[in-house]
Amino acid sequence: MSKRIVAEDVNAFYGSFRAIAGVSLTIEPNTVTALIGPSGCGKSTFLRTINRLHEVIPGARVEGKVMLDSEDLYGAGVDAVAVRRTIGMVFQRPNPFPTMSIYDNVAAGLRLNGIKNSKVLDEAVERSLRGANLWNEVKERLAKPGAGLSGGQQQRLCIARAIAVEPQVLLMDEPCSALDPISTLAIEDLMTDLKQRYTIVIVTHNMQQAARVSDRTGFFSLEATGEPGRLIEIDTTEKIFSNPSEKRTEDYITGRFG
Amino acid sequence: MRTSYHEQLAGVGDGLIEMSRLVGSAVSKATTALLDADLDAAEAVIVADEEVNKLYRQLDDEAVQLLARQQPVATDLRAIVTALRMSSDLERVGDYAVHIAKVARRRHPATVVPVELRATILEMGQAATRIAVKAGTVIATRDLALAAQLLADDDTIDDLHASLFATLLDGNWDHGVEAAIDVALLGRYYERLADHAVSVSHAVTYLVTGEHSDPESYASE
Amino acid sequence: MTASTERPPPDLSGGGLGATRRVGDRVFAALTTGAGVLVLALIVAIGAFLLTKAIPAVQKDSTNFFTTKLWQPDNDPSVFGIAALVFGTLLSSIIALVVAGPIAIGIALYISDYAPRRLATPIGYLVDLLAAVPSVVYGLWGLLFLAPHSDKFQQFLSDHFGFIPLFDLGKNGVVGRSMMIASLVLAIMILPIVAAISREIFLQVPQANREAALALGATKLEMIRLAVLPYSKSGVVGALMLGLGRALGETIAVALVLSLSYSTSFHIIDANVGGNTIAANIASQYQAAEPLGQRALIASGLVLFVITFAVNALARYVVTRSGKRAAAV
């Protein structure tokens, strides 16, 4: 069910400012790919081109192709809203809908897709909460507000919300940077489970997390401020962290720059 | 949490135990080949060392990967650092077993060891085998008392080594220069092999205590 | 060894520069306390004034103050009551709220979520500008422009929707300066305050919640229903109530536009029926009133004071609760 992502020469703009240039990469199904790099190098921007969330910002646009299996997400006649229905996203700060209960949060995406049958919703909510390793902690209080949980639990709630609609791909934009170390490890373990069902792309500024969790790692960087960010190198995580091909990659991961 | 990491870490430990098993059996077989002038056994030991070398390279790669990707700390970190050292020591033990087997092969069909020294060499061989196996147990159990015992076994081999030289130098040697060199070298191989096993013992002590203390201080009363 | 470069130990006794600062602090604290006390005193003074003038008047009323529709306090016997006034006040304000509310919320949503960034701020300014127009100008505009020009529209309502009692002209009804026109003028007057507060509330919705909805595959409208509106509910209710508070107390505009009477009818497009509000009544009757009449007007003012105070207090409470809940997230 999860799909391969192929980016071909992706450029993203904020107005006339080119934020990323010429990004091409392949992400295999059922893998975790981490994107690392210094601040402002465009890794989050690239992530948002995958689910066409970048263009929501006024004046922002994308050039290039992003293929999901054989379909170009930026092709003529492709509805961005439909794209976002098939690609889930988890954000840096957990953002459950504050006025909704835990149940309603998880069911939000399903209801958007027109599913009203309460039995179907019940099953989907339980399945998603189990998948996000949150079921046992919240099964007694599904009607309570989502905002009453701890940070790590809220983030897992957002993960449950994202996977409830069974997306092909799961995008995670620095999902653990607002969390404490134990919650972070819990979510990293979760990713290892989730990759059996989804293709996962994670942006992280924590290199050690990329090293622990991903199968492949891509390194983004820019020449100087004002320049667009580029993909410098992408390879298996083992190679990147033991013997990267590019000197810039090695300089970054050893902390000699950035 | 971090199950796959802990599994990988345990895998490195298992690899070391396997290595110690292989080299222990190599030492035993080499000694037999030596004393029985068994060519086949000698060849078998030499060929089997390739297996040991392969395991050595694999363990090193795994340890480096764990360091690069998992940021181990505390006991985990010491486990990986000592694993790198111990795999090297065990590999040398394997190499010494090969040296012993090669001596046997070189002199075949003649026996290398003169009759009056057979007992000594046999004892050295048995002690060496025992010490190699014990090293494996120490790695598996991280038992500091056992690690201390290992040092005592090494003393035994050192004593035997000394008595070997005494025999060579007591003026009654009449088996010729070639035999003398062979015997001296054999004694050396066993003695060096035991020293590497002692290194393993030191490494495990460091792993458990985090200090470079003498294993003997942990000997049971 | 060099000369000692140690600094003298700090002066912790509070003397010297510390003392001046301390005095300044105390003076400032006293001034701000004084300002707070002054405001409180004003409210109490006004309340006391209203009460002391109003109570004797009500005592002299020969009929029930709350149920009588007529307003003839200076007659003998004195007959006056606020029934028609309260009815008209509430009716006109509620109609104004019903008309202005959705439009104001629509404007606020447009500014916060739909307008191109460059347009959003100017449009916000324009809306705020509406609030700066003086009420008397609104009254004149309503009287001289809106009422005459809406005759056709009111007639249309009567012809096609006359079956609804609201738009029933009946046999003697005539279109013109009706309750509906007055309510429409009120609606335009409260539009800016409701729109401005709602706009601030919508802008406060965290962008993260909007993104979460969009990332799930929501269209813009669905995103607003999922992320913006639920979050803003209490705040918008507060805004509406503040608008209602303004409409309740509006004086001149209503006095000018509405053909004043003391009826309590729901026929809002009938100018013969007309209507009245507490504030408009005070404005129109005060010149001609004798002492008892003046006191009666003050009594009606007290009632309006209480109504407006209650509405504002409720609005404050609702807005604060919405703020507290937002802060908890």
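The values are calculated or read from the model by the stated rules, or taken from the named source; none is laboratory data. No experiment lies behind these values; they were computed from the predicted model shown. Note that we place each Cβ from the backbone using ideal geometry, even for glycine, and neighbour counts take in every protein chain shown. The protein model used for the area step is the full one, side chains on, heavy atoms only, and it has no ligands, DNA or RNA in it. Shrake-Rupley method; radii C 1.70, N 1.55, O 1.52, S 1.80 Å.
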task = Scan region C:192-206 and give yes if some residue there is open to solvent by 40 Å² or more (accessible area, probe 1.4 Å), farther than 25 Å from residue C:126 by Cα and either in a helix (DSSP H, G or I) or at pLDDT below 90 (or both), otherwise no.
result = no
query = Applying the selection to region B:113-171, what residues are under 16 Å from the mean Cα position of the chain (by Cα) and of a type in the set (Asp, Glu)?
reply = B:123, B:153, B:154, B:155, B:158
query = Can you name the condition, by its number, that residue B:15 falls short on among (1) of a type in the set (Gly, Ala, Ser); (2) over 13 Å from residue B:62 (Cα atoms); (3) at pLDDT 95 or above?
reply = (2)
inquiry  = For region B:9-26, check the following and say yes or no: at least one residue is open to solvent by 20 Å² or more (accessible area, probe 1.4 Å), within 14 Å of chain A (Cβ to nearest Cβ) and either part of a helix (DSSP H, G or I) or among the polar types (S, T, N, Q) (or both).
reply    = yes
message = I'd like to check something: does region C:147-155 contain any residue that is under 30 Å from residue A:88 (Cβ atoms) and not small (Gly, Ala, Ser)?
response = no
ask   = Out of region B:52-76, which residues are in contact with a helix residue (DSSP H, G or I) (Cβ under 9 Å, 6 or more places away or on another chain), within 14 Å of chain A (Cβ to nearest Cβ) and over 26 Å from residue B:193 (Cβ atoms)?
value = B:64, B:65, B:66, B:67, B:68, B:69, B:70, B:71, B:72, B:76
request  = Restrict the check to region C:247-255 and report whether at least one residue is surrounded by 23 or more Cβ atoms within 10 Å (Cβ to Cβ), at pLDDT 90 or above and touching a Ser or Thr at 6+ places or on another chain (Cβ under 9 Å).
outcome  = yes
inquiry  = Can you say whether residue B:52 is surrounded by 16 or more Cβ atoms within 10 Å (Cβ to Cβ), of a type in the set (A, V, I, L, M, F, W, C) and modelled with pLDDT of 95 or more, as far as the supplied structure shows?
reply    = yes
Out of B:128, B:110, sole residue that is closer than 19 Å to residue B:187 by Cα and in a loop (DSSP other than H, G, I, E, B) = B:110
query = Just checking, how many residues over region C:197-211 are away from every other protein chain (no Cβ under 14 Å) and more than 16 Å from residue C:320 (Cα to Cα)?
reply = 2
message = Condition first: hydrophobic (A, V, I, L, M, F, W, C), under 18 Å from residue C:254 (Cα atoms) and more than 14 Å from every other protein chain (Cβ to nearest Cβ). Can you find one or more residues in region C:65-74 that meet it?
response = yes
inquiry  = Among the residues of region C:281-288, are any surrounded by fewer than 20 Cβ atoms within 10 Å (Cβ to Cβ) and aromatic (Phe, Trp, Tyr)?
reply    = yes
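Here's the yes/no breakdown for (1) part of a helix (DSSP H, G or I); (2) under 16 Å from residue C:259 (Cα atoms):
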site	(1), (2)
C:147	yes, yes
C:152	yes, no
C:174	no, yes
C:177	no, yes
query = Yes or no: residue C:218 under 20 Å from residue A:90 (Cβ atoms), outside any helix (DSSP H, G or I) and either without any contact (Cβ under 8 Å) to a residue 40 or more places away in the chain or within 14 Å of another protein chain (Cβ to nearest Cβ) (or both)?
reply = yes
ask   = Do any helices (runs of 4 or more DSSP H) lying entirely in region A:190-258 carry at least 3 residues that are over 16 Å from residue A:41 (Cβ atoms) and within 12 Å of chain B (Cβ to nearest Cβ), and which ones are they?
value = A:207-213, A:237-242
remark   = The condition of being within 23 Å of the chain's Cα centre (by Cα), assigned to a helix (DSSP H, G or I), within 14 Å of another protein chain (Cβ to nearest Cβ) and at pLDDT 90 or above holds, among C:107, C:111, only for C:111
query = Scanning for something among the polar types (S, T, N, Q) and surrounded by fewer than 16 Cβ atoms within 10 Å (Cβ to Cβ), does region A:42-49 turn up at least one residue?
reply = no
remark   = Pairing a residue in region A:74-89 that is under 17 Å from residue A:167 (Cα atoms) and at the interface with chain C (Cβ under 8 Å from one of its Cβ atoms) with any residue that is of a type in the set (Asp, Glu) and part of a helix (DSSP H, G or I), where Cβ atoms lie under 9 Å and the two sit 6 or more apart in sequence or on different chains, gives A:81/C:222; A:89/C:211
ask   = If residue C:91 satisfies every condition in (1) under 30 Å from residue C:261 (Cα atoms); (2) of a type in the set (A, V, I, L, M); (3) open to solvent by 40 Å² or more (accessible area, probe 1.4 Å) but one, which is the exception?
value = (3)
inquiry  = Criterion first (at the interface with another protein chain (Cβ under 10 Å from one of its Cβ atoms) and outside any helix (DSSP H, G or I)) does residue A:171 satisfy it?
reply    = yes
request  = Report whether or not residue B:94 is modelled with pLDDT of 95 or more and either out of contact with any Phe, Trp or Tyr (no Cβ under 7 Å at 6 or more places or on another chain) or in a loop (DSSP other than H, G, I, E, B) (or both).
outcome  = yes
key: Unmet requirement for residue B:34, which otherwise passes all of (1) within 14 Å of chain A (Cβ to nearest Cβ); (2) under 30 Å from residue B:110 (Cα atoms)   = (1)
query = In region C:229-243, which residues are more than 11 Å from every other protein chain (Cβ to nearest Cβ), under 16 Å from residue C:107 (Cα atoms) and of a type in the set (A, V, I, L, M, F, W, C)?
reply = C:236, C:237, C:239, C:240
task = Evaluate region A:116-124: report whether one residue or more is within 14 Å of chain C (Cβ to nearest Cβ) and free of Cβ contacts under 8 Å to residues at least 60 places away in the same chain.
result = yes
task = Just need a number here: residues in region A:22-41 that are open to solvent by 10 Å² or more (accessible area, probe 1.4 Å) and small (Gly, Ala, Ser).
result = 4
request  = Would you check if residue A:127 is more than 30 Å from residue A:9 (Cβ to Cβ), more than 14 Å from every other protein chain (Cβ to nearest Cβ), without any contact (Cβ under 8 Å) to a residue 40 or more places away in the chain and assigned to a helix (DSSP H, G or I)?
outcome  = yes
message = When the residues of region A:136-150 are narrowed to those that are within 12 Å of chain C (Cβ to nearest Cβ) and surrounded by fewer than 22 Cβ atoms within 10 Å (Cβ to Cβ), which ends up nearest to residue C:209 (Cα to Cα)?
response = A:147
